[in-house]
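Please read the structure below before turning to the comments.
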Amino acid sequence: MKIGVIGTGHVGLITCVTMSAVGHEVVGVDADPEKIQILLDGGCPFFEPGLQELLDRQITEGGLRFTDSLPMAVEGAEVVFISVGTPPRASGEANLIAVENSATQVAEAATDDLLIVEKSTVPVGTAVRLRTTIERLRARSDGRIEVASNPEFLREGHAIDDAMEPDRILVGVESTWARDRMRSVYAPWIEKGVPFIETDIATAELAKHACNAFLALKISFVNALARICERAGADIEGVTTTMGSDPRIGGAFLRAGLGYGGSCFPKDLAAFEHLSKTLGYDFRLLQEVARINDEAVDAVIAKVKDALWNLEEKKIALLGLSFKPGTDDVRFAPSLRIATDLIDAGATVVGYDPVANNVAANDVPGLLVADGPYEAAAGAHCLIVCTEWEEFRKLDLVRLKDEMAYPVIVDGRNIFDLDQMEAAGFTCYSVGRRSVTQ
Ligand code: UGA
């Protein structure tokens with residue numbers, strides 16, 4: 001099938017490469033000329049494991065092209081995915097102007113019957129708005145244009161695997177014509193037995209917000225439990241292992257730590273809460289989830305302040321700057337708030353991340369970055385683990401201690417074994433576990 005993809009960010013670019021990998025003919029377009037130039041030059045505008053290799057392969061094989069002309073991406077297409085940004089307004093509401101503009105431009109450029117598919121996470125009701133807008137435009141021309149919803153469940157850092165081997169595919173449609181078109185798009189997955197959930201459009205839009213809100217709820221629930229464990233002398237890991245062995249609860253997303261960041265959960269939760277209010281339902285549970293998430297970062301900062309007393313003239317090392325391992329994305333990363341807070345309090349802060357040093361340093365004035373974990377730790381009075389990159393679990397603790405001015409670690413992701421910390425001579429504060437003091 002011929003497919004157009006509007007927007008080549010974390011969702012759009014993965015859609016481009018995976019749709020082309022299963023044999024569709026794909027053209028991607030982006031309004032950002034810099035991004036398109038990187039792609040036309042054979043590069044990749046952000047880090048995602050396996051993406052560069054797949055891009056190279058699909059472009060060489062000829063099934064994937066990029067353009068800066070939206071009409072070129074739409075020409076001859078049977079399906080066009082809209083995967084542009086939906087940033088939050090100050091109120092939390094999703095700003096949908098890019099979605100509206102893309103859809104109107106796509107409708108104007110359509111050369112044949114066309115299915116326009118929302119791939120960006122959008123509040124329920126967006127498709128109805130899009131349909132009305134498109135119908136007003138189409139009063140001037142022929143040809144069938146319909147709207148469908150097909151939310152994405154990709155995790156950054158695992159995006160290619162999640163797209164190629166998804167748990168489920170969710171499609172919201174309102175005609176058999178649209179349903180058949182979406183079944184053709186996803187035929188290679190349906191043949192492999194991937195569950196294909198078909199709903200009406202409003203249900204699909206709402207289901208995506210429900211999934212992200214529920215996952216964020218699990219994380220905040222565990223982080224609230226961690227606060228209680230610290231006060232009660234209990235161990236969060238024993239608590240979550242017990243909870244997770246009940247299949248009704250499930251073990252995933254029960255890791256206590258610095259809480260969730262990234263471009264999805266914080267924004268989607270705020271948008272969902274705003275939308276619920278608009279619909280006349282005050283979903284206060286979501287506010288509490290966000291509050292507990294902020295509190296998780298506050299608690300780690302409080303541990304650092306408590307361990308170091310005055311922060312002026314202290315050097316603090318941050319290990320991990322991206323919002324989670326496997327990505328260079330620092331949007332809503334806890335590390336940024338920690339760095340800003342500690343710098344404001346007078347400390348010198350040096351971060352190290354395997355891939356996100358530059359983006360983080362650009363975002364936080366005064367944040368220094370180092371080329372490796374030991375360099376970041378050199379002369380530090382405290383080291384904070386902000387992101388659980390695998391390489392940090394394998395650090396040589398003797399060397400680390402030798403590098404540091406004080407042997408103090410605040411493990412914001414519970415990556416270190418406390419007995420080993422004790423044996424290595426560290427004072428170590430983590431999340432919801434006992435404190436190790438020397
Ligand atoms: C999330 C969802 O997992 C995807 O299903 C969804 O498609 C995506 O949002 C989206 O809406 O586009 P992502 O933001 O890439 O994906 O990251 P996750 O792996 O879900 O992690 C989110 C945050 O939760 C990270 O900051 C992570 O550190 C944190 N987390 C996760 C915890 O603090 N504890 C956990 O147990 C799990």
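Below, the figures for the structure above:
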read-out: Verdict on Asp180 being at pLDDT 95 or above, within 30 Å of Gln52 (Cβ to Cβ) and acidic (Asp, Glu); value: no
read-out: One residue from Gly85, Gly42, Gly92 being on the phi > 0 side of the Ramachandran plot, within 23 Å of the chain's Cα centre (by Cα) and small (Gly, Ala, Ser); value: Gly92
read-out: Restricting the range 211-253 to residues that are hydrophobic (A, V, I, L, M, F, W, C) and touching a Phe, Trp or Tyr at 6+ places or on another chain (Cβ under 6 Å), the residue that is farthest from the ligand (Cβ to nearest atom); value: Ala213
read-out: Qualifying residues in the range 337-361 (those that are in contact with a helix residue (DSSP H, G or I) (Cβ under 7 Å, 6 or more places away or on another chain) and surrounded by fewer than 24 Cβ atoms within 10 Å (Cβ to Cβ)) - the one farthest from Arg291 (Cα to Cα); value: Pro354
read-out: All positions within the range 9-30 that are in contact (Cβ under 8 Å) with a residue 60 or more places away in the chain and either within 17 Å of Gln105 (Cα to Cα) or within 22 Å of the chain's Cα centre (by Cα) (or both); value: Gly9, His10, Val11, Gly12, Ile14, Thr15, Val17, Thr18, Met19
read-out: First in the range 88-113 and in contact (Cβ under 8 Å) with a residue 24 or more places away in the chain and over 23 Å from Asp142 (Cα atoms), second anywhere and of a type in the set (Lys, Arg) and not in a strand (DSSP E or B), Cβ under 7 Å, 6 or more apart; value: Pro88/Lys267
read-out: Number of the condition not met by Glu237 [criteria: (1) closer than 30 Å to Val124 by Cα; (2) at pLDDT 95 or above; (3) surrounded by 16 or more Cβ atoms within 10 Å (Cβ to Cβ)]; value: (1)
read-out: Condition met for Glu135 (free of Cβ contacts under 8 Å to residues at least 60 places away in the same chain and acidic (Asp, Glu)); value: yes
read-out: Subset of the range 387-399 (residues that are touching a residue at least 40 places away in the same chain (Cβ under 8 Å) and either surrounded by fewer than 12 Cβ atoms within 10 Å (Cβ to Cβ) or in contact with a Phe, Trp or Tyr (Cβ under 9 Å, 6 or more places away or on another chain) (or both)); value: Thr387, Glu390, Phe392
read-out: Selection status of Lys218, of a type in the set (Lys, Arg) and either buried (at least 21 other Cβ atoms within 10 Å of the Cβ) or not in a helix (DSSP H, G or I) (or both); value: no
read-out: Qualifying positions in the range 262-289 - aliphatic (A, V, I, L, M) and either in contact with a Lys or Arg (Cβ under 7 Å, 6 or more places away or on another chain) or away from the ligand (no atom under 16 Å from the Cβ) (or both); value: Leu279, Leu285
read-out: Helices (runs of 4 or more DSSP H) completely within the range 117-210 that count 2 or more residues being away from the ligand (no atom under 13 Å from the Cβ); value: 126-138, 176-185, 187-192
read-out: Qualifying residue in the range 157-171 (condition: closer than 19 Å to Leu114 by Cα and either among the basic types (Lys, Arg) or touching a helix residue (DSSP H, G or I) at 6+ places or on another chain (Cβ under 8 Å) (or both)); value: yes
read-out: Within the range 344-362, tally of residues that are free of Cβ contacts under 8 Å to residues at least 40 places away in the same chain and more than 16 Å from the ligand (Cβ to nearest atom); value: 12
read-out: Unique match (being without any contact (Cβ under 8 Å) to a residue 60 or more places away in the chain and assigned to a loop (DSSP other than H, G, I, E, B)) among Asp341, Asp402, Asp371; value: Asp371
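Residue-wise test of (1) crowded, with 23+ Cβ neighbours inside 10 Å; (2) closer than 17 Å to Met19 by Cα.
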{"position": "Leu51", "(1), (2)": "no, yes"}
{"position": "Gly63", "(1), (2)": "no, yes"}
{"position": "Asp68", "(1), (2)": "no, no"}
{"position": "Met72", "(1), (2)": "no, no"}
{"position": "Ala94", "(1), (2)": "yes, no"}
{"position": "Asn101", "(1), (2)": "no, no"}
{"position": "Ala159", "(1), (2)": "yes, yes"}
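The values are calculated or read from the model by the stated rules, or taken from the named source; none is laboratory data. Every value quoted in this text rests on a predicted model; they were computed, and no experiment measured them. Positions of Cβ are backbone-derived with ideal geometry, glycine not excepted, and every protein chain shown enters the neighbour counts.
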